[in-house]
Structures are given as structure tokens and as C-alpha cells.
1. How large is the direction-averaged shadow of the alpha-carbon convex hull of segment 126-238, in nm²?
2. Got the relative contact order for segment 126-173 handy, in percent, Cα pairs under 8 Å and 6 or more residues apart?
3. Counting pairs of alpha carbon atoms under 8 Å apart in space and at least six apart in sequence, what relative contact order in percent does the chain give?
4. Which of the lysines could a cross-linker span from LYS14 if the Cα-Cα distance has to be under 19 Å and same-chain partners fewer than 8 positions apart are dropped?
5. Could you tell me which of ALA30, LEU281, ASN90 has its Cα farthest along the dipole of the chain towards the positive end, charges placed at Cβ (Lys, Arg +1; Asp, Glu -1), taken about the Cα centre?
6. Given the chain, what whole percent of its Cα pairs are spread farther than 32 Å?
7. Kirkwood Rh over alpha-carbon pairs of segment 1-125, then Stokes-Einstein at 37 °C and 0.692 mPa s: what D in µm² s⁻¹, rounded to an integer?
8. When the distances between all Cα atoms of segment 1-60 are binned every 5 Å from zero, what whole-number percent does each bin get?
Amino acid sequence: MFDALADRLEQAWKKVRGQDKISESNVKDALREVRRALLEADVNLQVVKDFVAEVEQNALGAEVIAGVRPDQQFIEIVYNELVKVMGDANVPLAEAETAPTIVLMAGLQGTGKTTATAKLALHLRKEDKKALLVATDVYRPAAIDQLIALGKQINIPVFDMGKDADPVEIARQGVEKARADGFDVVIVDTAGRLQIDESMMGELKRIKDTIEPHETLLVVDAMTGQEAANLTRTFHEQIGVTGAILTKMDGDTRGGAALSVRRISGQPIKFIGIGEKVDALQPFYPDRMASRILG
Ligand code: GDP
């Protein structure tokens, strides 16, 4: 993950390595490399500009510290800014005061939404929370079966009403069942499309208005780079999301999505998907991600 980005940033450190201190001239060269590295990683241009401006200001204002090499100091400044741009700290999943916590999953088709629904249930079980999954994607017949199969695999119950029922009604009854049966969390999987369209957004809104989720998570594919950040913003503007799950972080993603989503959409990345298996989900920690980016 992020190998290309880490290699590129190495060029930036070289510009200040061996110098007595960070100066206006050597930092300029280093910043040019940072900028190039981030653009190549498909980070949103505005995010790159703000990032570089912030690093420049901090680097030029940095005191010379005895025993600390200027390149180490510069790396530290970049690290701090990476953590900041990704949202500083992990934002945990919301928890309802009275169970069940209602989680609505949204996202385009193929992003890994259904897989993430099952992954989240398994993750919650490790925290001793019992989850019920709800299958509302009646348009793609295989989607309901896929969720049922995933549920079986991890021994998590799935509520469905077949493919002829109304998705809003399935969601409503699923949440009712979770409440009646004492589940801690109910996770509602929804239908995706290849791209944003009005009927998908309309249905999501109706489901959201009906079940009033504590958490609306948008599942976005990290491989789509800047698009992931823009998509999160659009979904947030149209239906209101409370966070994102960034999937396929195990692939050869260039890293742009992880860096842009928070800043562009204003919404935190709460989890990352790191593989096809059901246990391949991790909470998102900006500091750990920044360390990985720096290699
Ligand atoms: P949906 O259409 O959004 O519900 O997407 P699916 O859950 O069916 O996933 C689409 C494909 O992406 C499947 O082949 C999944 O195995 C794969 N997938 C989902 N999440 C990840 C991930 O984090 N990493 C990798 N490598 N593949 C994933």
C-alpha cells in the first residue's frame, strides 16, 4: 500500500537531507516533491495546495532543534499534516442511547457495500455486540442471496422479505425486528447503482427518513482516488452521511482517497476494507495511516 507515494516522498526528504537547517530555498525544492507525490497519488488538487501551504508555513517557522536533522524535522512536519488532513483521530461508530443502533449502508454498486455490511457485523461481534443484517436490494436478485450467504458464513442473522417487497418496508420491518428481538445493532444494506441516479437517492432518502439511522455510512472504493472524495461529498449533500468506509485499501491504491475524503466531504473515514474476506475490516486511524504513507 502506498509504495509509490512513499518512494516519491523520499525524493522530498533528500532535498533537505545533509543541510544545516531547513531554509527557504531547500524547503522549496522539498515542497515541490511533496506536491508532485500527492498529485501522483491522485489527491484532490485543493487538498494538495492547502497541504503544501501548511507544511511550508510550519517548516519555515520551525526552530532549529539541536541533534535533530532537518530532514527528520521536515518528515515530522509532513507526518503531522498527514494526520491532520485525515481527521486527527479515529471517529468510532455511533452508538444509540437505546439499542438498537441503526446503521444505514449506502454506496455505488461494486464498491464492496454488501461485503462491508457483513464485515461490520463481524467486527461488532468482537465487541460483544449482536447485529442483525437487513437485505433491501431487491433490484439485483443476487444481492439478497449474497448477504444471506455472507450471514451464514459468519453466523449472523439476515432479515429479508424476498425481492418483491418494497425496500422501505423491508428496512422498517428489519429495524422493528431488531428492536423486538433485542439486537444491539441493525445494519441495513441498500441497493447501489453504477452511478448516482435520482431513483437510488430518492429511495435512500425514504429509507433514511423511515428508519432514522444513527449512522449513515457511505462505502467508497479507494481505487477510485479523487472520485471517492467527490462522491462522499455528493452523497453527504444529498442524503447526509455520517462517515465513510474506504474499501479495497489492500489493492494498489495510490492513496489519494484516504487523504482527500475527510477534507473534501467533511465526513470522517470510520473503517477501511483491506481484503475480500469477511474479517478484512479495520477501524481507520489517521496516525497509523500517516505512518504507513511515510513507509
Ligand atoms: P456491492 O455491489 O457494493 O455490494 O459490492 P460487493 O460487496 O458485492 O463487492 C464487490 C467486489 O469487491 C467483490 O468481489 C468483493 O469481494 C470485493 N471487495 C469488497 N471489499 C473489498 C476489499 O476491501 N478489498 C478487496 N480486494 N476486494 C473487496
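The values are calculated or read from the model by the stated rules, or taken from the named source; none is laboratory data. Note that the structure is a prediction, hence the values are computed from the model and not measured. Note: ideal-geometry Cβ built from the backbone for every residue, glycine included; neighbour counts use all protein chains shown. For the accessible areas, the whole protein counts, side chains as well, though only heavy atoms, and no ligand, DNA or RNA atoms are used. Shrake-Rupley method; radii C 1.70, N 1.55, O 1.52, S 1.80 Å.
1. On the way: hull surface 31.2 nm².
Orientation-averaged projected area of the Cα hull: 7.8 nm².
2. 45 percent.
3. 25 percent
4. Correct list for LYS14: LYS28.
5. Checked the options; the winner is ALA30.
6. Pairs farther apart than 32 Å: 32 percent.
7. 189 µm²/s
8. All Cα pairs considered, the percentages come to 4, 20, 29, 25, 15, 6, 1.
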